[in-house]
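A short write-up of the structure that comes next.
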């Protein structure tokens, strides 16, 4: 069926007139068949739950928008919109806000900051967040949760992910147990066991393979595209590399292309090679647009070789996209592609995990991925379908093509049988793993949801794991008892018959830490009290040695250097020297990550860090964000254990790390608009504090690199306010009251776990 094949007009919907009016305002006059089917169930007129399993780009978000609006208009209360990824949460927030705010509903985005009571969210009607953040909210039980009317779980098939799935499963279980009056709408790509998930959620199922754009799936080998429907098309390999030929062919036919590669390096190389060919094809107007876009990109963030490489690609009409890029660069690339300013993006598969960037043609260079300890392995069918599903732009294309490049005939036949013509894997629970069970058991005790092993097992019975594998409960009995014993031995639970958390155990759960991370930090802090001096890198190594920190892989050439450095400071480390080989490898990874963080806070340039350690700007930002959260947790544990020397050092370390500066710049980076680059420029030019800036003229500051007139005036104004506030504090002390230096900024973003990002000279 084509994209405009519909079975219902908006006017026929049984929803409030205001919703119909808003739909028409957005140009939506008709509904796709799966949308109509979902919205014509009893879902809109009852508290019935609903699972919608339909292909990518079939309009799942519109169903959610209408459902939220109708539910809140009819019954009031609050709506929660859950996503598995922060980037996806931001995208959905923007989309929901545009639709719902004209209807009178306040919408907010909140991510990160797991140590918050989140009472302020009570002032909003629609809350967009991640699964992890909402799990932390559920533990705190803010009063506004009682008014929860509807919960949307987007990309619910992520429940099968070993990294993110267990949290989502726990959240959905808790909603069913604690807030049965709240309606659940679970949105998913087509999955094999959608019926099973619907039954677990006591929900009606809408399942469809209908797409607004016909998807043709094929394999390219030996200058022939062989499609799953038996059709074959000859395409001369004009550029030597099949993926280049396919991308240029897509452009010549008036479309854009997404090229998926299995490594970052491959994505970067693909974008460059396609760019060199594409540059000769672009018309003059397209080249001008590409060059203007490249100039815009060049002004964002510090200068690095990675940014230079991306700028060069963008100037040719292409780009690469992966987690190593600065998030501002990724956002610019995504927006430019949507606006057709870029013709090709070469990306790692992370781009396919929910971000809405369709293209006329999707080209997949490889269906294998390197797995540590196993070598190259074939990816899951679901992952392939997620990439292929990006093919075809609704309202622009009558069909989309997903083409896999095969190296030989045998591989081509394997791909056709095992990917193009195969069903996706069923979603299976990943709940029964030790780290997840540790956190779950402690959380259940802290929140008062369980006072015995029997009550913990009763909770597990209600999870998707318990629903699909009843036999797993008896298997888990021993694991539950073992973890309870572990938590008691390490003073997170009291040694009593009834399960009760200690002060430390309660704080650990509130901080959203893996109990093993907390124990590692606690033991490290205890060791720190025996040392005369603890280098900052020792604390960084401590938090990087926890299971909550995603460490950087070490390259062969780094291992000897890292081991030598570890041996040189052996007496200063706060964790035991590893004996097992597996622990030894992890220790080197922890040390590498700690050294990257240390160099960041010592103001080593991003480019130097990237070249030395083989990481990207996005990797640094991600590591800083996680380290900020773990340092805060270590600070709180120090406070609880009365380790004041450690607490004060951790507090300073955290502030420096978050800003990426040495101690002398901390006053400067507290000024709005001043990050580590501009702060160093100010300091080196005779403006070491707000006092000197307050007496400067805008003309003086505009002589400095990165300071335009507008920014100079803003910084001087902020500096004057800071100085005046300090003077007032000295003149009018208030006993026992901490006076903030500046008014808090109303923001949906979190403070804990969110790094202070660098200056952007374009922002002036």
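Being farther than 22 Å from residue 252 by Cβ, under 24 Å from the mean Cα position of the chain (by Cα) and assigned to a loop (DSSP other than H, G, I, E, B) is the requirement here; does residue 332 meet it? Against the criterion (farther than 22 Å from residue 252 by Cβ, under 24 Å from the mean Cα position of the chain (by Cα) and assigned to a loop (DSSP other than H, G, I, E, B)), residue 332 does not qualify.
For segment 584-616, give me each residue that is closer than 21 Å to residue 666 by Cβ, over 25 Å from the mean Cα position of the chain (by Cα) and free of Cβ contacts under 8 Å to residues at least 24 places away in the same chain. Selection gives 604 alone. Applying the condition of being within 19 Å of residue 254 (Cβ to Cβ) and crowded, with 22+ Cβ neighbours inside 10 Å to segment 278-318 and asking which residue is nearest to the chain's Cα centre (by Cα) yields 318. Of all residues in segment 319-339, none satisfies the criterion of being over 16 Å from residue 304 (Cα atoms), modelled with pLDDT under 95 and crowded, with 23+ Cβ neighbours inside 10 Å.
Selection of segment 223-268 for residues being in contact (Cβ under 8 Å) with a residue 24 or more places away in the chain, surrounded by fewer than 19 Cβ atoms within 10 Å (Cβ to Cβ) and farther than 16 Å from residue 361 by Cα yields 239, 241, 262, 263.
Residues of segment 111-120 that are in contact (Cβ under 8 Å) with a residue 24 or more places away in the chain, out of contact with any helix residue (DSSP H, G or I) (no Cβ under 6 Å at 6 or more places or on another chain) and not in a loop (DSSP other than H, G, I, E, B): 119 alone.
For segment 601-619, check the following and say yes or no: at least one residue is in the same structural domain as residue 554 (by TED's automatic domain parsing), under 24 Å from residue 528 (Cβ atoms) and in contact with a helix residue (DSSP H, G or I) (Cβ under 6 Å, 6 or more places away or on another chain). Yes, there is a match, as at least one residue in segment 601-619 is in the same structural domain as residue 554 (by TED's automatic domain parsing), under 24 Å from residue 528 (Cβ atoms) and in contact with a helix residue (DSSP H, G or I) (Cβ under 6 Å, 6 or more places away or on another chain). Among the residues of segment 636-653, the ones that are within 30 Å of residue 719 (Cβ to Cβ) and crowded, with 22+ Cβ neighbours inside 10 Å come to 2 in all. Residues that are in contact with a helix residue (DSSP H, G or I) (Cβ under 9 Å, 6 or more places away or on another chain) and in a helix (DSSP H, G or I) within segment 461-473 comprise 461, 464, 465, 466, 467, 468, 472, 473, listed in sequence order.
If you take the residues of segment 50-60 that are outside any loop (DSSP other than H, G, I, E, B) and touching a helix residue (DSSP H, G or I) at 6+ places or on another chain (Cβ under 6 Å), which of them is surrounded by the most Cβ atoms within 10 Å (Cβ to Cβ)?
So, considering only residues that are outside any loop (DSSP other than H, G, I, E, B) and touching a helix residue (DSSP H, G or I) at 6+ places or on another chain (Cβ under 6 Å), the one surrounded by the most Cβ atoms within 10 Å (Cβ to Cβ) is 52.
Scanning segment 39-60 for residues that are farther than 24 Å from residue 398 by Cβ and either under 28 Å from the mean Cα position of the chain (by Cα) or modelled with pLDDT of 90 or more (or both) yields 49, 50, 51, 52, 53.
Find the helices (runs of 4 or more DSSP H) located wholly in segment 123-220 whose residues include 3 or more that are under 20 Å from residue 447 (Cβ atoms), and list them. Walk me through it before giving the result.
Working: elements: 131-140, 165-178, 194-200.
Qualifying helices (runs of 4 or more DSSP H): 131-140, 165-178.
Here the helices (runs of 4 or more DSSP H) wholly within segment 341-447 that include at least 1 residues being more than 24 Å from the chain's Cα centre (by Cα) are 409-415, 434-446.
Could you go through segment 86-108 and let me know if any residue there is closer than 21 Å to residue 176 by Cα and part of a strand (DSSP E or B). Break it down into steps so the answer makes sense when it comes.
In the first step, residues of segment 86-108 are kept if they are closer than 21 Å to residue 176 by Cα; the result is none.
No, because not a single residue in segment 86-108 is closer than 21 Å to residue 176 by Cα and part of a strand (DSSP E or B).
Residue 471 fulfils the conditions (1) within 30 Å of the chain's Cα centre (by Cα); (2) assigned by TED's automatic domain parsing to the domain that holds residue 506; (3) more than 14 Å from residue 173 (Cα to Cα) except for a single criterion, (1). Here residue 557 qualifies as exposed (fewer than 15 other Cβ atoms within 10 Å of the Cβ), part of a helix (DSSP H, G or I) and modelled with pLDDT under 95.
For segment 296-311, the criterion of being touching a residue at least 12 places away in the same chain (Cβ under 8 Å) and farther than 25 Å from residue 606 by Cα is met by no residue. In the condition set (1) under 24 Å from the mean Cα position of the chain (by Cα); (2) under 18 Å from residue 557 (Cα atoms), residue 624 is compliant with all but (2).
The values are calculated or read from the model by the stated rules, or taken from the named source; none is laboratory data. These figures come from a predicted structure and were not determined experimentally. Here Cβ is always computed from backbone atoms with ideal geometry, including for glycine, and neighbour counts include all displayed protein chains.
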